[in-house]
Structures are given as structure tokens and as C-alpha cells.
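Report on the structure given below.
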Amino acid sequence: MFQRQQQRKKFNNAAALLAGILLAAGMTLAGCSDSGTKPVAAPIAVKPAQQPITKGTTTAAEEQIQSVYAYNPVGKRDPFAPIVTKEERAAKAGERPPLERFNLYDFKLTMVIWGGFGYNAMLEGPDGKGYLVRVGTIIGPNKGVVKKITQGTMVVEEKFKSVSGETDRKETVIELRKKQEGMQ
């Protein structure tokens with residue numbers, strides 16, 4: 001009895017596998033046949049009856065030509081140009097950044113900020129604007145570099161050539177502005 005159940009299971013499994021293969025083959029062959037399609041005839045273009053052309057009448061072709069839109073780009077912006085331009089592109093070639101325009105002694109150290117990124121200094125320029133400065137920032141017309149910022153000072157190192165042709169370094173210390181100095 002046990003052997004008959006195993007034989008039935010094998011037979012049922014084999015029958016199911018054979019039915020699946022036949023079904024897949026039938027679907028593949030049915031999808032590839034061309035017997036159900038009929039060739040489609042190309043539509044025939046009908047020519048409109050021509051009317052005699054006189055000076056007072058216009059044809060449909062002339063009306064189509066007159067209704068064609070022509071784009072004129074004069075006075076319009078380029079649609080592919082970026083809307084926001086970078087400040088470097090807009091600036092003139094001979095113009096320097098604001099930190100390099102003013103003399104080093106014209107800046108006032110107003111505040112020192114410290115945190116996870118180290119010390120940063122806030123400078124007030126002669127134009128009345130504030131500038132945030134870090135170590136390594138270029139400042140002044142002689143291209144001085146900020147070397148060190150402490151709680152009360154900022155050290156700027158400038159390189160220049162001496163009369164003998166050697167490169168010398170000059171360190172300038174800018175101290176934090178006192179509270180009373182700001183009040184006038």
C-alpha cells in the first residue's frame with residue numbers, strides 16, 4: 001500500500017511537469033504565429049482639388065506659411081545660461097576680494113569665536129562690514145596669512161622682499177578691541 005502511494009505521487013509529479021512544459025510551449029508558439037494578422041494597406045493620400053489661382057485668392061499652403069512662428073532672441077536672456085552667476089565671474093579681473101583690498105592696520109578685531117573647529121576671528125573692516133577669518137585666510141594688500149588666533153589676539157604673517165632681494169617675514173599682532181573703545 002505504501003508503494004502504491006509513492007508511485008501515484010511520482011506519476012502526479014511527472015504529469016504536472018509535463019503539463020507545465022506543454023503549456024509553456026503552447027504559449028510560446030501561439031505568441032509567435034503570424035496567422036492571425038492581416039497586412040494593413042497604407043492609406044492613400046487624397047489631393048485636394050486645385051482651384052485656379054487668382055491675385056485676390058490665397059491657397060491653404062500660403063495660409064500655413066504665414067502662420068509659422070519665428071523666434072527672435074534679441075533682447076531675451078539665454079534659456080541655457082545659469083540664473084545665478086558666481087561672484088567670481090561677475091567680478092572684474094583686476095578687482096581683489098574685500099579682505100585683500102584694505103590695509104592690515106585698518107581692520108579691528110571685534111570678537112573671537114572658539115568651538116569644535118578651533119578659533120575663528122571676527123574682523124570689522126574700514127567699510128563697516130564684518131568678516132569671519134580662520135587660520136590660513138589671506139588678508140591685506142601684501143597677501144598676509146593668518147597664522148594664529150588666540151582668545152585675545154590674532155597673528156598675521158606677511159612676506160616681502162627686502163632691498164637685498166631676500167624674502168623676509170613680518171608678524172603683525174592685532175589685539176581684541178576693548179569694550180570702551182567701541183563706545184564713543
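Coordinate-derived values only; no laboratory data. All figures in this text were calculated on a predicted structure; none of them were measured in a lab. Methodologically, a virtual Cβ is constructed for each residue, glycine included, from the backbone with ideal geometry; neighbour enumeration extends over all protein chains shown.
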Theoretical FRET efficiency, 1/(1+(r/R0)^6), r = Cβ-Cβ of Leu132 and Ile83, R0 25 Å, to 0.05: 0.40
Relative contact order, percent, of region 96-182 when contacts are C-alpha pairs under 8 Å separated by at least 6 residues? 24 percent
Out of Thr167, Gly116, Pro126 - ranked by how far each Cα lies towards the positive end of the dipole of region 96-182, with unit charges on the beta-carbon of charged residues - the top one is Gly116
Can you give me the distance in nm between label points at Ala14 and Tyr69, each placed 7 Å from the Cα along the Cα-to-Cβ direction? 7.3 nm
State the dimensionless ratio Rg/Rh of region 96-182 (Rg: radius of gyration of Cα atoms; Rh: Kirkwood radius). 0.99
